[in-house]
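Heads up, the thing below is written out as structure tokens.
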Amino acid sequence: MPAPAPNVYAPPEGEPPRAVYLHVPFCQHRCGYCDFTLVARQDDLIPQWLTALGNELQRLDRPYEVDTIFVGGGTPTHLNETQLEEFFQLIRSHFNLSENGEFSIEANPDGLTDSKLTLLQQCGINRISLGVQSFDDDVLQVLERTHRADEAQEVIHQCSEFIPDVSLDLIFGVPDQQLELWQTTLETALSLPISHVSTYGLTFEKGTAFEQRRRAGDLLPVMDDVERNMYAFAIDVIPESGRAHYETSNFAMPGHECRHNMVYWDASEYFGFGPGAARYVNGVRSTNARNVTRWIRDWLENRDSLQDHEVLSADARAREAIYLAMRLVRGLNVPEFETRFNVSLTELVGNEVTHHIEGGMLEVVDGWLRLTREGRFVADSVMIDLV
């Protein structure tokens with residue numbers, strides 16, 4: 001008989017998490033490559049979602065002070081201003097943001113008005129991540145985005161007047177995208193008032209419209225060497241603009257790294273609420289139901305709505321910390337790791353580390369184990385070997 005699911009809302013046993021993620025699962029349109037937890041054109045569900053979210057948040061034993069709040073989606077700014085105000089009130093009722101804390105929200109370039117940005121500013125948002133994806137209209141059309149390149153540039157300038165930290169998401173490796181188009185997109189991005197940029201290679205996730213079109217031969221991925229060259233261009237050129245490469249896909253001005261995501265990469269614990277949200281509390285990783293209507297239905301009846309959970313062993317925690325740290329350009333601080341997890345890195349993964357050092361994929365510099373430049377191009381396979 002399977003063990004009962006742990007109470008994932010139990011009070012933290014030690015130092016409580018200092019980060020919280022909240023998921024807003026609404027969009028105007030689902031892009032063909034997107035496999036995130038969301039519903040499109042179902043705004044009638046928003047009031048029920050707000051009630052359900054309030055019920056889930058009530059499972060906390062008390063309000064908590066946190067250093068980072070991240071609102072993701074979906075498109076959180078798809079909510080109208082009245083709904084956003086109610087949403088932020090729920091957050092304020094259960095979480096206090098520490099002084100100089102980071103309060104991030106995801107947004108798309110379309111639909112951001114001065115009035116809505118003023119509301120975000122008044123509610124404490126100090127970092128906005130814009131899903132721009134490209135500054136080429138043909139690429140945007142392939143990606144099924146609903147904004148134009150010139151609109152995105154205007155919105156970036158607009159956001160910078162209200163919110164101190166503006167970040168962009170960009171996608172490379174789009175079908176029919178040439179290296180020159182990617183170079184132009186990056187050059188445009190780096191000329192804008194942004195403190196942070198994330199670059200992601202396009203993936204064809206199972207169940208997405210893009211994956212179905214790829215199998216049908218209607219949409220062909222770019223060649224591996226083209227995608228590699230695009231990534232190489234990004235990691236070479238973006239740092240020249242003063243935005244340092246600090247994680248596999250992320251670049252930031254000094255002091256403007258995404259502090260919330262650093263919580264994940266440092267293998268620290270965090271709260272999570274909303275459909276599809278993940279959390280890590282008391283050594284238990286759990287994920288909420290990804291089906292939005294199921295999650296709403298469950299929480300309207302005050303029932304936990306979990307997709308899965310895993311109680312991590314000491315060994316699993318240590319291995320996961322290695323895997324996550326390898327995403328960071330700085331890598332893993334070996335002495336700190338061995339103290340934190342009371343384990344020898346050599347005993348745990350010594351053979352694998354030696355193999356990849358000899359192969360030129362890993363290096364140790366001043367006590368830090370990290371990927372080499374060449375290792376960055378095969379990071380996933382190297383990291384899998386270490387876990």
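Computed from the coordinates by the stated procedures, all read-outs in this text should not be read as laboratory data. As the structure is a prediction and not an experimental result, all values here were calculated from the model. When we count neighbours, we look across all protein chains shown, and the Cβ atoms used for this are built from the backbone with ideal geometry, even at glycine.
In percent, what relative contact order does the stretch 57-176 have, based on Cα pairs under 8 Å that are 6 or more apart in sequence? Walk me through the intermediate numbers first.
Values: 166 pairs, mean separation 30.1, N = 120.
Once divided by the residue count of the stretch 57-176, the mean separation gives 25 percent.
Based on the mean of other beta carbon atoms within 10 Å per residue, what is the order of 70-80, 178-188, most packed first?
Numbers: 70-80: 23.4, 178-188: 17.3.
Ranking the peptides 70-80, 178-188 by packing returns 70-80, 178-188.
From the square roots a ≥ b ≥ c of the eigenvalues of the alpha-carbon gyration tensor of the stretch 79-133, which class results: rounded (a/c under 1.5), prolate (a/b over b/c), or oblate?
Numbers: a/c = 2.07, a/b = 1.36, b/c = 1.52.
Oblate shape, in that a/c is at least 1.5 and b/c is the bigger or equal ratio.
Mind running the shape call on the stretch 225-278? Use the C-alpha gyration tensor, a ≥ b ≥ c as the square roots of the eigenvalues: rounded below 1.5 for a/c, prolate if a/b tops b/c, oblate otherwise.
On the way: a/c = 3.22, a/b = 1.73, b/c = 1.86.
Note, shape of the stretch 225-278 comes out oblate.
Based on DSSP, what percent of beta bridges with both residues in the chain are antiparallel, to the nearest 5?
Numbers: 23 of 56 bridges.
The antiparallel fraction comes to roughly 40 percent.
Counting alpha carbon pairs within less than 8 Å and at least 6 residues apart, what relative contact order, in whole percent, applies to the chain?
Numbers: 673 pairs, mean separation 61.2, N = 387.
Normalised by residue count, the contact order of the chain is 16 percent.
Determine the shape class of the stretch 331-387: with a ≥ b ≥ c the square roots of the Cα gyration tensor eigenvalues, call it rounded for a/c under 1.5, and otherwise prolate if a/b is greater than b/c, oblate otherwise. Each step should come with its number before you reach the end.
Values: a/c = 1.96, a/b = 1.57, b/c = 1.24.
Judged from the Cα gyration tensor, the stretch 331-387 comes out prolate (a/c at least 1.5, a/b above b/c).
Starting with the highest mean, order 18-30, 300-312, 236-248 by the number of other Cβ atoms within 10 Å, averaged over the residues of each peptide.
Details: 18-30: 22.1, 300-312: 13.8, 236-248: 16.2.
Put in order of decreasing packing, that is 18-30, 236-248, 300-312.
Counting other Cβ atoms within 10 Å, which trypsin sites (Lys or Arg not before Pro) in the stretch 127-156 have at most 16 and lie in a DSSP loop?
Numbers: sites: 127, 145, 148; in loops: 145, 148.
Answer by residue number: 148.
Which part of the stretch 167-194 falls in the paramagnetic zone of residue 203, meaning amide N under 16 Å from the point 7 Å along Cα-to-beta-carbon?
170-174
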